[in-house]
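Here is the structure we will look at.
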Amino acid sequence: MFDMIASQKTLEVFNPYDHSPVGTVPLCNGETIDGYLEAAHNLFRNRRHWLPAYERIDILKKTAIIMESRFEKLAFQIASEGGKPLKDARVEVTRAIDGVGLCIKELAHLTGREIPMDLTAAGAGHLAFTTREPIGPVVAVSAFNHPLNLIVHQVAPAIAVGCPVLVKPAGDTPLSCLEFVNILYEAGLPEEWCRFAACDIATAEKMITDPRVAFFSFIGSSKVGWMLRSKLAPGTRCALEHGGVAPVIVDDSADMAAMIPSLLKGAFYHSGQVCVSGEQKFDLHFTDFDSTPLASASIAQVHTA
């Protein structure tokens with residue numbers, strides 16, 4: 001469990017619908033973050049402390065089982081802190097559990113290959129091959145729109161391949177992240193392999209740009225993501241997930257009755273706060289379907305929902 005003594009400050013979380021308080025999480029100060037980074041750095045440098053694949057698989061299997069047993073609790077927490085309808089929060093929990101399972105399956109495919117050495121006389125009689133190894137300490141900074149599933153996308157792969165990870169959730173929705181980290185601990189993961197690192201912006205930037213970070217995972221706006229990338233320490237690799245432009249292309253074969261409800265859901269689901277929300281429409285036969293009775297009724301329903 002996260003040590004509340006490690007932080008003097010807390011962050012209060014409110015329900016975005018009625019602004020009622022739903023929980024608090026501890027905020028890490030710079031000293032705590034530095035300690036987490038140093039521990040992760042030393043943990044990775046000492047190969048004797050690495051967790052073998054079978055142990056990581058066992059931990060992730062137990063994690064998925066615990067998540068399944070607390071399905072409704074996780075869904076309600078997503079709905080409470082993020083404002084997502086409960087039925088959609090349940091979909092998110094299902095996807096998060098599936099994500100943990102996919103990490104387990106992917107481990108079987110992370111293999112090296114033999115390099116042919118007998119192509120030259122000098123190489124004949126020699127053996128060469130590649131192996132895959134964890135890159136090192138990971139810092140993950142996540143977004144608010146899917147507070148459990150996105151955390152799983154960033155943290156579970158790091159745990160699966162054997163990278164210690166520090167995860168900073170969005171300030172509006174940190175409870176699901178803390179719950180997932182605690183579930184990992186309950187499943188048997190030593191605490192030094194995954195740290196809940198909620199902190200203020202200045203502390204977060206220092207954490208992200210620290211030279212002990214081997215990989216930076218970011219989900220959020222392109223403006224912030226590219227800015228942080230420009231400040232990474234030399235050698236730190238990164239993955240930035242900024243969403244897409246998600247075009248919708250309509251031609252004269254489209255079934256208007258079937259298309260319009262799907263199109264509107266794709267654009268306005270979760271108030272449009274989805275990485276792949278439809279943002280552009282290209283009409284190849286120039287039908288003004290925005291003015292059709294079906295479209296007008298559907299749009300009115302969206303406005304009043």
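The values are calculated or read from the model by the stated rules, or taken from the named source; none is laboratory data. No experiment lies behind these values; they were computed from the predicted model shown. Here the Cβ is made from the backbone with ideal geometry for all residues, glycine too, and neighbour counts use every protein chain on show.
Listing for the model above:
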item: Residue match in segment 49-67 (condition: basic (Lys, Arg) and either under 19 Å from the mean Cα position of the chain (by Cα) or within 30 Å of Pro211 (Cα to Cα) (or both)); result: yes
item: Looking only at segment 83-132, and only at residues there that are part of a helix (DSSP H, G or I), charged (D, E, K, R) and free of Cβ contacts under 8 Å to residues at least 40 places away in the same chain, the one that is surrounded by the most Cβ atoms within 10 Å (Cβ to Cβ); result: Arg90
item: Test for Leu74: is it more than 20 Å from the chain's Cα centre (by Cα), surrounded by 14 or more Cβ atoms within 10 Å (Cβ to Cβ) and in a helix (DSSP H, G or I); result: no
item: Residue in segment 227-237 that is modelled with pLDDT of 95 or more, touching a strand residue (DSSP E or B) at 6+ places or on another chain (Cβ under 8 Å), under 24 Å from Gln273 (Cα atoms) and part of a strand (DSSP E or B) present; result: no
item: Residue identified as of a type in the set (Ser, Thr, Tyr), over 20 Å from Gly30 (Cβ atoms), exposed (fewer than 15 other Cβ atoms within 10 Å of the Cβ) and assigned by TED's automatic domain parsing to the domain that holds His41 among Ser217, Ser221; result: Ser221
item: Residue, farthest from Glu179 (Cα to Cα), within segment 1-36, restricted to residues that are among the charged types (D, E, K, R) and modelled with pLDDT under 95; result: Asp18
item: Residues of segment 241-295 classified as at pLDDT 75 or above, of a type in the set (A, V, I, L, M) and not in a helix (DSSP H, G or I), total; result: 6
item: Contacts under 6 angstrom Cβ, first residue in segment 59-82 being in the same structural domain as Asn182 (by TED's automatic domain parsing) and farther than 22 Å from Cys163 by Cα, partner buried (at least 17 other Cβ atoms within 10 Å of the Cβ) and among the acidic types (Asp, Glu), 6 or more apart; result: Ile78/Glu92
item: Residue pairs meeting the criteria (Cβ under 7 Å; at least 6 apart or on separate chains; first at positive phi and touching a residue at least 12 places away in the same chain (Cβ under 8 Å), in segment 227-249; second part of a loop (DSSP other than H, G, I, E, B) and of a type in the set (Lys, Arg)); result: none
item: Residue check for Gly123: of a type in the set (Gly, Ala, Ser) and either within 17 Å of the chain's Cα centre (by Cα) or under 27 Å from Tyr54 (Cβ atoms) (or both); result: no
item: Matching residues, segment 179-225, being in contact with a Cys (Cβ under 6 Å, 6 or more places away or on another chain) and part of a helix (DSSP H, G or I); result: Val181, Leu184
item: Index of the failed condition, Trp226 passing every other in (1) over 17 Å from Ala40 (Cα atoms); (2) among the aromatic types (Phe, Trp, Tyr); (3) touching a Gly at 6+ places or on another chain (Cβ under 9 Å); result: (3)
item: Criterion (more than 21 Å from the chain's Cα centre (by Cα), without any contact (Cβ under 8 Å) to a residue 60 or more places away in the chain, farther than 25 Å from Ala96 by Cα and surrounded by fewer than 17 Cβ atoms within 10 Å (Cβ to Cβ)) met by exactly one of Asn29, Asn42; result: Asn42
